[in-house]
1. Rolling a 1.4 angstrom probe over the protein heavy atoms, how many square angstrom per residue are accessible across the chain?
2. Rounded, prolate or oblate: which one fits region 96-155, using the alpha carbon gyration tensor with axes a ≥ b ≥ c (rounded when a/c is under 1.5, else prolate when a/b beats b/c, else oblate)?
3. Test of understanding: in a Gaussian network model of the chain with alpha carbons linked when under 10 Å, which of ARG26, ARG85, ARG134 would top the mean-square fluctuation ranking?
4. Which one of LEU21, LEU140, LEU39 has the biggest mean-square fluctuation once the chain is modelled by GNM with Cα springs under 10 Å?
5. Determine the calculated [θ] at 222 nm for the chain from helices alone, applying -39500 (n - 2.57) to every DSSP H run no shorter than 4 residues and normalising by the residue count; nearest 500 deg cm²/dmol.
6. Relative contact order for region 46-167: what is it in percent, counting Cα pairs under 8 Å that are at least 6 residues apart?
7. Using each residue's phi in region 110-125, evaluate 6.51 cos²θ - 1.76 cosθ + 1.60 at θ = phi - 60° and report the 3J(HN,Hα) Karplus result to the nearest Hz, with x for Gly and Pro.
8. Please find, in a Gaussian network model of the chain (springs between Cα atoms separated by less than 10 Å), the residue of VAL151, VAL73, VAL54 whose mean-square fluctuation is greatest.
Amino acid sequence: LTRCRPVEVDQLSDAAVRSGLQATARAGGRAFAPDALSLAVTASAGYPFMLQLVGWHAWEQQLDGQPIRRESVVAALPRADHDLRRAVLMPIARPLSAMDQKYLRAMAEDQGPSNTGDIADRLGRSSQYAGVYRDRLIELGLIQSTGHGVVDFAIPGLRALYRSPVD
């Protein structure tokens, strides 16, 4: 697999997530209650794998054949987060260098997008030094530029992972 050409999968729009969840449920003879669908769309954060996880676990919570209710989505979210952490986030985090991880922890201090100057200050390094790790993490697809001198996490759950200790 390491020799295979990687396929870039872009973030999905809310409309695409909504459509994917509805179509998949409909194909299985089910539907989402409107409030449950809205929560599932928000929780998926446009990340295709999270869409699958939220949809699957919500389906499994509601096996009575009725429309998938909000309570089923709420119950599905911790399971989806756990699966995302185990299958995606931890395998990404383990091989990163110590400085890559420090950069991500410095970003995780912010509630939203991070100013790259603030990250360099938190690291106690120059902007050029921190920029090397910024570029590396962008290349790896873990963070993305959201404006001049501003970066944000590219994968849902990665901020939360770096707010807690990384094993």
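The values are calculated or read from the model by the stated rules, or taken from the named source; none is laboratory data. If you're wondering where the values come from, they're calculated on a predicted model, not measured in any experiment. With ideal geometry, Cβ positions are generated from the backbone for all residues, glycine too; neighbour counts draw on all protein chains shown. Heavy atoms of the whole protein, side chains included, go into the accessibility calculation; ligands, DNA and RNA do not. Shrake-Rupley method; radii C 1.70, N 1.55, O 1.52, S 1.80 Å.
1. On the way: 9630 Å² over 167 residues.
So the chain comes to 58 Å² accessible per residue, rounded to a whole number.
2. Working: a/c = 1.28, a/b = 1.08, b/c = 1.18.
It is rounded, given that a/c, with a ≥ b ≥ c, falls under 1.5.
3. Result: ARG26 has the largest fluctuation of those listed.
4. LEU140
5. Numbers: 9 runs with 96 residues, N = 167.
Using -39500 (n - 2.57) per qualifying helix, the result is -17000 deg cm²/dmol.
6. Answer for region 46-167 is 25 percent.
7. With the stated coefficients, region 110-125 comes to 8, 6, x, x, 10, 6, 5, x, 5, 5, 4, 4, 4, 7, x, 10 Hz.
8. VAL151
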